[in-house]
Amino acid sequence: MNLSKESSPTIAMPANSHLTVCMLASGSKGNAILVADHQTRVLFDAGLSGIEIERRCKSKGFHPEQLDAIVVSHEHSDHIQGVGVLARRFGLPVHLSKKTGMSAGPMLGKIADIRYFECGNPFTVNTWIVSPFSISHDAEDPAGFTIRNNGLKIGIATDLGVVTAMVRERLKACQILILEANHDPEMLINGPYPWPLKQRIQSRTGHLSNEASRELVSALKHNGLQHVVLAHLSETNNTPEKALQEVGLALNDCKTQLHVATQDVCAEIVQIQGTRIAESHEP
């Protein structure tokens, strides 16, 4: 297992089969994940200002006008702040559930091309198959996602209070996993948050602890899992070191690389290519 939390060079776009992930931002102040290959580029959530997302994209050698779509997980502001601005500026379609769209409407503003999905029903962006699945969080219709193309598979599951059997099933056989590791339970209990907020974070519709993330990684690890990216770390109730140490216990016996995404800087770029995995039979 390799542990990492540094930044990396700019995005390279080889012409062969690959998928590239760059965590532009991750945390309670804003979340944005860029997933790309040589012909398709999608932003999963846009929880920073449009200007800041553009700046961070360009810092990695990527131009936002190359985006093909924005996909929204849920309506909380740290996931949708820049969605409307970017969609209007670059003429992008926005994929989200109808309930999320209704709840997020005032913050999104007018968007010309809204495409509704339902959890459990895959949709396509160019050649990609994007499969949304239900997660447990205090939002109208929160979703996690898998992205599949040419035998490659990425899983995204952040902002969830509990790992259900469905989550485990949907995230099987991924080569990149982006998983929440929000808090260290001891830091949360002894920290400055008011008790009702502590209860919300620990609830079934709150956020995953480092320990819960470790248990999920332990259940999902396999020989083809190349990268695990820890996301949505609390700046008050966690540290990158604690998250890496705890979740790393699940990966001591394998070669999977473990990374952590943070709030203020883009995380290192991770890429999978070459080796194909068995096609999933998920819906």
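None of the figures in this text is laboratory data; all of them are computed from the coordinates on show. Since this is a predicted model, take the numbers as computed values, not measurements. Ideal geometry is used to build each Cβ from the backbone, glycine not excepted, and the neighbour counts take in all protein chains shown.
Among Glu140, Glu75, Glu268, which one moves the most in a GNM of the chain with springs linking Cα atoms closer than 10 Å? Residue with maximal mean-square fluctuation among Glu140, Glu75, Glu268: Glu140. Result for the chain in a Gaussian network model with C-alpha springs under 10 Å: among Glu169, Glu211, Glu235, the largest mean-square fluctuation is at Glu169. Shown is the FRET efficiency for Thr239 and Glu211, computed with R0 = 25 Å from the Cβ-Cβ distance and rounded to the nearest 0.05: 0.95. Running a GNM on the chain with Cα contacts under 10 Å, which residue among His63, His232, His222 ends up with the highest mean-square fluctuation? In this elastic network of the chain, the residue with the biggest mean-square fluctuation among His63, His232, His222 is His63. For segment 193-277, the percent of C-alpha pairs falling in each 5 Å distance bin, counted from 0 to the bin holding the largest distance, reads 3, 12, 22, 20, 20, 12, 6, 3, 1, 0. Say R0 is 25 Å: what FRET efficiency, to the nearest 0.05, do Arg200 and Arg115 get from their beta-carbon distance? Here the calculated transfer efficiency is 0.20.
Summing -39500 (n - 2.57) over the DSSP H runs of n ≥ 4 in the chain and dividing by its residue number, what mean residue ellipticity at 222 nm do you reach, to the nearest 500 deg cm²/dmol? Intermediate results must be reported in sequence, preceding the final value.
Working: 9 runs with 73 residues, N = 283.
When only DSSP H runs of four or more count, the value is -7000 deg cm²/dmol.
With θ taken as phi - 60° and the Karplus curve 6.51 cos²θ - 1.76 cosθ + 1.60 applied, the whole-hertz 3J(HN,Hα) list for segment 98-115 is 5, 5, 5, x, 5, 6, 8, x, x, 7, 6, x, 7, 10, 5, 10, 9, 10 Hz, x standing for glycine and proline. Among the trypsin sites (Lys or Arg not before Pro) in segment 31-124, those placed in a DSSP loop whose Cβ has at most 12 other Cβ atoms within 10 Å are Lys110. FRET efficiency for Glu186 and Cys254, Cβ-Cβ distance as r, R0 = 35 Å, nearest 0.05? FRET efficiency, Glu186 to Cys254: 0.80.
What is the mean projected area of the alpha carbon convex hull for the chain, to one decimal in square nanometres? Walk me through the numbers before you get to the answer.
Details: hull surface 52.5 nm².
Averaged projected area of the chain's Cα convex hull equals 13.1 nm².
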